[in-house]
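For reference, the structure discussed in these notes is given below.
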Amino acid sequence: MTDKDKRHLYYLDELSDYKVDSDDPDVRGWEVKDADNRVIGKVDNLLVNKEKKRVVYLDVEVDKSIIDANHKPYGKPASGDVHEFINKDGENHLIIPIGLAHLNTDEKFVYTNRVNHETFAETKRMEKGAPVHRDYEVVVIETYNRDLTEEERAERNRKATISNDDSEFYDRPEFDRTKDRHKR
């Protein structure tokens, strides 16, 4: 198996020996709101990296308003193998790195204070349950980070290079769960 074919992520529903930590709420089914408090969808599943033994993404079924916005996805190919950036019918899910998600446990919703509705509308989507490949992860992270300065992007990439090595890739700030997870 080549690195390109190596599976990095598994849906929590696929893993009978994994469950949500007792210190964390199970956010599946919770609404997801953007930086402007607009609903962008609901958490459908959680994506786990087994090497890191933790959730690294929320799998979000996007709200119809995102699909109706009909924005062309933003991004550039991470490799020569990625050619298509048009969201197709049936592609109504996207991923959010766990470090960009904050929880409101009182009202049971997830929000991000860094990504807005337009950015979500321009993010490359996928079909429910589709395997998540590294190229897709890179495109999504680049989309969510496009408003950072060139220096901020370079610093993030310096700290954890975009590679097929999970030990480095998931050490990026986008996956840091220790940040403030306060209520809004």
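Only the coordinates and a few stated rules stand behind these numbers; no lab work does. None of these values were measured; they are calculated from a predicted model. A quick note on method: Cβ atoms are made from the backbone with ideal geometry, for glycine too, and the neighbour counts reach across all protein chains shown.
Between the C-alpha center of region 96-151 and that of region 4-31 there is a gap of 17 Å.
Restricting the chymotrypsin sites (Phe, Trp or Tyr not before Pro) of region 95-161 to loop positions (DSSP other than H, G, I, E, B) with no more than 10 neighbouring Cβ atoms within 10 Å leaves nothing.
Going down the table (Lys52/Lys108; Lys6/Lys53; Lys50/Lys88; Lys52/Lys124; Lys52/Lys88), which pairs top 28 Å between alpha carbons? The answer is Lys50/Lys88; Lys52/Lys88. In this calculation the C-beta distance from Lys19 to Asp68 is compared with R0 = 41 Å, giving a FRET efficiency of 0.70.
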